[in-house]
Each structure stands twice: as C-alpha cells, then as structure tokens.
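**Student:** Once you've had a glance at the structure underneath, I'll fire off some questions.
The values are calculated or read from the model by the stated rules, or taken from the named source; none is laboratory data. Keep in mind the model is a prediction, meaning the values are calculated, not measured. All Cβ positions, even for glycine, are placed from backbone atoms using ideal geometry, and neighbour counts span all protein chains on display. Calculation scope for accessible area: heavy atoms of the full protein, side chains included, ligands and nucleic acids excluded. Shrake-Rupley method; radii C 1.70, N 1.55, O 1.52, S 1.80 Å.
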Protein chains: 4
Amino acid sequence: MSNTRPALKLTHAAALKLLAAAAAKATEMGQPQVIVIVDEGCNTLALLRMDGSRILSVDTATAKAMTAAATGHPTGGLPVEAETRLAIGSHGKMTNLKGGLPIIVDGHLVGGIGVGSGTGEQDLMVATAALAAL
Amino acid sequence: MSNTRPALKLTHAAALKLLAAAAAKATEMGQPQVIVIVDEGCNTLALLRMDGSRILSVDTATAKAMTAAATGHPTGGLPVEAETRLAIGSHGKMTNLKGGLPIIVDGHLVGGIGVGSGTGEQDLMVATAALAAL
Amino acid sequence: MSNTRPALKLTHAAALKLLAAAAAKATEMGQPQVIVIVDEGCNTLALLRMDGSRILSVDTATAKAMTAAATGHPTGGLPVEAETRLAIGSHGKMTNLKGGLPIIVDGHLVGGIGVGSGTGEQDLMVATAALAAL
Amino acid sequence: MSNTRPALKLTHAAALKLLAAAAAKATEMGQPQVIVIVDEGCNTLALLRMDGSRILSVDTATAKAMTAAATGHPTGGLPVEAETRLAIGSHGKMTNLKGGLPIIVDGHLVGGIGVGSGTGEQDLMVATAALAAL
C-alpha cells in the first residue's frame with residue numbers, strides 16, 4: 001500500500017486571479033471588501049484589503065475562508081444550535097457568517113475564499129463572482 | 001494611476017484632549033471610566049484607566065473604540081442575529097456594547113473612542129462629551 | 001493579624017501628568033515617543049503614542065514599564081547571561097532595553113514608565129524628565 | 001490647533017502591483033517567495049504565498065514588512081546588541097532579518113514590504129524589484 005495519496009493544490013496564480021476578480025466585482029458594486037484565499041490546510045495563500053474596507057474584516061473574512069475550506073460548503077449553514085460552540089471551540093475559526101465559499105476544482109476541495117466588509121449578501125456575491133474567474 | 005490616496009490622521013494632541021474631556025465628564029458623573037482612543041487602523045493612540053474603574057473594561061473599551069473606528073458608526077447597532085458571530089469571528093474586536101463612537105473630522109473617519117466601566121448609557125455620555133472637545 | 005496591608009496606588013491624574021511631561025520632553029528633543037505607564041500590578045494605566053513615533057514601540061515601551069514596575073529598578077540592568085531567558089520566559093514582558101524607570105513615591109514602588117522610539121539614551125531621558133514632574 | 005495631520009495611504013491597487021512585481025522577480029530567479037505588504041500602521045494590506053515557498057515565512061515576511069514600515073529603514077540594520085531584545089520585546093514583530101523595505105512615496109513612509117523564503121540577499125532582491133514597479 002502506498003504511503004501517500006495524490007492531491008491537488010490551488011496555485012498562487014489562481015489565488016491572484018481570485019483576488020483580482022473579487023476586487024473587480026467589489027469595485028463594480030461600490031462596496032470595498034477584504035478578500036482572503038486559504039488552501040485546503042486553511043493556511044492563507046493570498047489576501048487583499050481594499051481601500052475603504054473594514055480592517056476588522058480581515059479576521060472575519062479569514063474565518064469565512066477557513067470554514068469553507070474545512071467543511072467544503074458555503075458558510076452560513078452550520079446548525080444554529082451548534083454555531084456558537086463551534087465558533088468558540090475553534091477559537092473563532094469556524095463561523096456562520098455568510099461570505100465564505102469552498103474552492104472546488106475538478107471535484108477536489110482545494111481551499112476557500114472569504115469576503116467581508118459588506119452585508120452577508122454582498123460578501124457572498126463577491127465570493128461567487130471570484131470563483132467564476134477560475 | 002496614483003499609488004497613494006490622501007488621508008487625515010488624528011494627532012496625539014487631539015487624543016490627549018479626548019482623554020481629558022472624557023475624564024472630566026466621568027468625574028462630574030461620579031462614574032470612573034476606562035477611555036481608549038484608536039486611530040483609523042484600529043491601533044491604540046491613547047488610553048486612560050481612571051481610579052476606581054474596572055480593569056477588565058480595558059478590553060471592552062478597546063473593542064468599542066475599534067468597532068467604531070472600523071465601521072464608522074456608534075457601537076450597539078450591529079444586527080442582533082450577527083453580533084455573536086462578528087464578535088467571535090473578530091476575536092472579540094467587534095462588539096455590540098454601547099459606548100463606542102467614531103471620530104470624524106471634516107467628514108473623514110480618523111479613529112474611534114471607546115469608554116467602559118459604567119452602564120452603556122453612561123459610557124456613551126462620556127464618549128459623546130469627549131468628542132465635543134474636538 | 002490583619003488580613004490586609006496598606007498600599008499606595010498611583011492616581012490616573014499622576015499618570016496623565018507623566019504622559020504630558022514625557023511628551024513635552026520628547027517634543028523638545030525632536031524625537032516622538034511612545035509612552036506607557038503601568039501600575040504596581042503591571043497593568044496599563046495610561047498610554048500615548050505620539051505622532052511620528054514607531055508603532056512597534058507600543059510593545060517594547062510596555063515591556064519596559066512592566067519590567068521597571070516589577071523589579072523596582074531602571075531597565076537595562078538584568079544580568080546579560082539571563083536576559084534572553086527572562087525575556088522569553090516572561091513572554092516578552094521582561095526586557096533589558098533601556099528606557100524604563102520605576103515610579104517610586106515616598107519610598108513605595110507604585111508602578112513603572114516605559115518610553116520607546118528613540119535610542120535607549122533618548123528613551124531614558126524622556127522617562128527621567130517625566131518622573132521629575134511628579 | 002488642528003486635530004488632524006495630513007497623510008498618504010498606500011492604495012490596494014499599488015499593493016497588488018507590488019505583489020505582482022515581486023512574484024515576477026521571484027519566478028525569474030527560480031526562488032518562490034512569500035510576499036507581504038503592510039500599511040504605515042503595520043496592518044496587512046496584501047499577501048501572497050507562492051507555490052513552493054516556505055509556509056513559516058509568512059511570519060517572518062510579515063515581521064520584515066512591519067519592521068520596515070515602523071522604522072522607515074530596510075531591515076537588517078538594528079544594532080546587533082539590541083536585536084534580540086527588540087525581537088522578543090515586540091513579540092517577534094521587530095526583526096533583523098534581511099528582506100524588508102520601507103515603502104516611501106513622494107517622501108512619505110506609507111508602509112513596508114517583506115519577502116521571505118530565500119536567502120536574505122534573494123529576499124532583498126525581490127523586495128527591491130517590487131518597489132521599482134511603483
């Protein structure tokens with residue numbers, strides 16, 4: 001039996017494409033955003049804090065990206081009765097805030113994108129637009 | 001395209017004026033307070049912990065100042081359904097406690113003031129009195 | 001036997017006097033500074049970050065103030081062979097950087113002042129000038 | 001007396017230009033890098049972790065960027081006798097590792113860039129190439 005298994009890793013070039021597409025959408029919407037891309041290990045690959053975005057959204061956008069990368073699902077769907085436990089138990093890394101999406105390529109979960117500074121709906125629109133660029 | 005954008009920074013002299021005015025109001029009210037001033041990047045500019053104030057209010061007053069500086073709005077107005085998510089996801093920096101006000105000069109958001117140790121209403125009165133000194 | 005012992009606590013009014021005197025000296029010297037006052041429990045009483053000072057000096061000035069308050073001596077005199085152990089073992093709170101002085105009133109150790117952003121000698125001059133104001 | 005002072009802020013567009021130029025240089029050199037851009041308040045504006053770079057360099061590249069932004073000088077020039085004190089006293093934010101450069105536009109210090117994963121000389125070459133893109 002092999003000691004290893006093949007995997008796919010998101011490239012940094014793809015991460016830059018995600019940042020650029022997210023920033024373009026945010027600019028078009030007139031809502032500056034913080035955008036964070038993490039890999040499948042929840043480690044940050046790329047980050048952009050746009051002019052006029054909220055600095056504290058660096059934390060929440062990172063949590064959104066991590067949650068989406070860890071679960072493979074859009075953020076916002078944790079069971080409400082468990083979300084505070086999960087949030088505290090993960091030291092804030094698991095969040096039920098909207099605006100995080102898993103990055104799935106050819107059926108493989110390779111990371112997550114988190115967007116924050118707008119409403120949850122705005123954040124989600126920007127994350128969705130970013131993924132369309134891949 | 002320019003690589004920079006013009007901005008205004010709150011001076012430390014103004015921060016000291018805010019501390020002094022806040023402390024005077026708190027003394028007049030008979031409620032000692034912790035007062036924190038942060039700049040637009042949520043970095044602390046000035047802090048005063050008054051005799052008889054609550055030491056743990058250093059944390060909450062800082063969160064209030066940061067939240068007001070990051071959002072540009074008085075604290076206490078986050079959507080109730082999101083406030084716990086935002087608080088945990090920001091590692092305690094975003095708060096819905098009353099007593100934080102943005103510092104806005106000539107239409108520019110240049111920081112935030114956070115006050116804590118009294119009731120939310122008392123904290124807000126002290127923060128309001130401080131801003132009147134600018 | 002009594003369960004308590006009398007103590008002296010530095011007032012916040014005195015802490016503000018220290019900030020003002022330190023800032024005046026720093027301005028006179030043309031070297032903006034970060035100034036931190038802690039009480040005898042090493043808890044911050046007052047802080048000022050002057051325009052043009054180094055933001056990372058908030059950490060080091062706090063360490064200087066804490067070290068002086070904890071030891072009762074000016075910073076810089078820890079045994080060289082132990083200083084790195086003490087620094088790491090205290091999570092950075094004990095420092096051998098110059099610029100911290102104990103605040104001693106009527107023979108009682110009531111806190112510490114830490115100054116940072118200049119050279120060690122400049123920092124010490126500002127701390128010394130501040131104490132002269134008490 | 002005015003309560004504010006004029007300042008310049010690095011734009012996120014400029015931060016993206018810095019990332020792109022740094023990545024291009026790193027690719028040309030065959031040495032993948034982590035690149036971090038911070039603003040004048042030492043808050044991260046943009047980050048890129050290139051394929052094949054060292055993940056722990058996220059921490060050191062951030063420290064390099066912060067040190068350059070806080071001091072206004074290239075990293076590596078702290079007095080050797082003080083560097084360990086400064087590093088520990090700043091909780092690792094001040095570093096004497098090479099590869100950090102201040103970002104100065106029209107004579108104003110607006111942030112710092114930190115590069116890490118190669119040798120100090122390689123890191124510095126990449127940071128230098130990035131700044132040339134502004």
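**Student:** Could you identify which residue out of B:19, B:101, B:86 has the top mean-square fluctuation in a GNM of chain B using Cα springs shorter than 10 Å?
**Tutor:** It is B:86.
**Student:** Could you run the Karplus curve 6.51 cos²θ - 1.76 cosθ + 1.60 with θ = phi - 60° over region D:30-35 and give me ³J(HN,Hα) per residue in whole Hz, x for Gly and Pro?
**Tutor:** Listing the rounded values in order: x, 10, x, 9, 9, 10 Hz.
**Student:** Can you give the relative contact order of region D:12-131 as a percent, counting alpha carbon pairs under 8 Å and 6+ residues apart?
**Tutor:** RCO, region D:12-131: 30 percent.
**Student:** Helix check for chain B. Which DSSP H runs span at least 18 Å along their own axis by Cα, with a mean Kyte-Doolittle hydropathy no less than 0.0?
**Tutor:** The answer, listed by residue number, is B:12-29, B:57-71.
**Student:** Now, a different point. Taking amide H positions as placed 1.01 Å from N in the peptide plane, with prolines and chain starts having none, which residues 5 or more places from residue C:95, or on another chain, fall under 5 Å of its amide H?
**Tutor:** Correct list: C:67.
**Student:** Given a 1.4 Å probe and the protein chains all in place, what does the accessible area of residue B:12 round to, in Å² to the nearest 10?
**Tutor:** The accessible area comes out at roughly 30 Å².
**Student:** If you build a Gaussian network model of chain C, linking Cα atoms that sit under 10 Å apart, which residue out of C:47, C:56, C:16 swings the most?
**Tutor:** Highest fluctuation among the options: C:56.
**Student:** Next question, about the same structure. Report the Cα-based extents of the protein assembly as shown along its three principal axes, largest first, to the nearest Å.
**Tutor:** Principal-axis extents of the Cα atoms in the protein assembly as shown, largest first: 74, 54, 51 Å.
**Student:** Counting only other residues whose beta carbon sits under 14 Å from that of residue D:11, what net charge do I get with K and R as +1, D and E as -1?
**Tutor:** Net charge in that neighbourhood comes out at 0.
**Student:** Put B:40, A:28, B:83 in order of accessible area, largest first, 1.4 Å probe: what do you get?
**Tutor:** A:28, B:83, B:40
**Student:** Using only the Cα atoms of region C:78-126, each taken as one equal point scatterer with no solvent, compute I(q) by the Debye sum, divide by I(0), and report log10 of the ratio at q = 0.18, 0.27, 0.28 Å⁻¹.
**Tutor:** -0.68, -1.00, -1.00
**Student:** Can you give the extra length, in nm with one decimal, that the chain gains between residue A:1 and residue A:86 once fully stretched, where that is 0.36 nm per residue apart less the Cα-Cα distance?
**Tutor:** Contour length minus the Cα-Cα distance gives 27.0 nm.
**Student:** Moving to a separate point now. What is the set of long-range amide H partners of residue B:11 at a cut-off below 5 Å, with H atoms built 1.01 Å from backbone N?
**Tutor:** Those lying under 5 Å, H to H, from residue B:11 are D:4, D:5.
**Student:** Which distances in nm, rounded to one decimal and ordered from shortest, link the label point of residue A:29 to the equivalent label points in the other identical copies, with labels set 7 Å from Cα toward Cβ?
**Tutor:** Relative to the other copies, residue A:29 has label-point distances of 3.7, 3.7, 5.0 nm.
**Student:** Report, ordered by chain and residue number, the lysines lying within cross-link reach of residue A:98, taken as a straight Cα distance under 26 Å and ignoring same-chain residues fewer than 8 apart.
**Tutor:** By straight Cα distance, residue A:98 reaches A:9, A:17, A:25, A:64, B:64, B:93, B:98.
**Student:** Let me ask another. Sorted by accessible area with a 1.4 angstrom probe, largest first, how do C:59, D:59, B:106 fall?
**Tutor:** B:106, D:59, C:59
**Student:** If you put +1 on each Lys and Arg Cβ and -1 on each Asp and Glu Cβ, how big is the dipole of region D:12-131 around its Cα centre, in Debye rounded to 20?
**Tutor:** Around 140 debye, computed over region D:12-131.
**Student:** So what are the ³J(HN,Hα) numbers for region A:41-53, from phi and the Karplus equation (6.51, -1.76, 1.60; θ = phi - 60°), rounded to whole Hz, Gly and Pro as x?
**Tutor:** x, 6, 8, 5, 9, 7, 8, 9, 10, 6, 3, x, 7
**Student:** How far, in whole Å, is the nearest Cβ of chain D from the axis relating it by rotation to chain A, and which residue carries it?
**Tutor:** Nearest residue, distance rounded to whole Å: D:47, 2.
**Student:** Still on this structure, please answer the following. Taking the Cα centroid of region A:21-86 and of region A:95-129, what is the distance between the two, rounded to the nearest whole Å?
**Tutor:** Cα centroid of region A:21-86 versus Cα centroid of region A:95-129: 6 Å apart.
**Student:** Sticking with this one: Per residue Cα convex hull volume for region A:19-131, in cubic angstrom?
**Tutor:** With only Cα atoms used, region A:19-131 gives 87 Å³ per residue.
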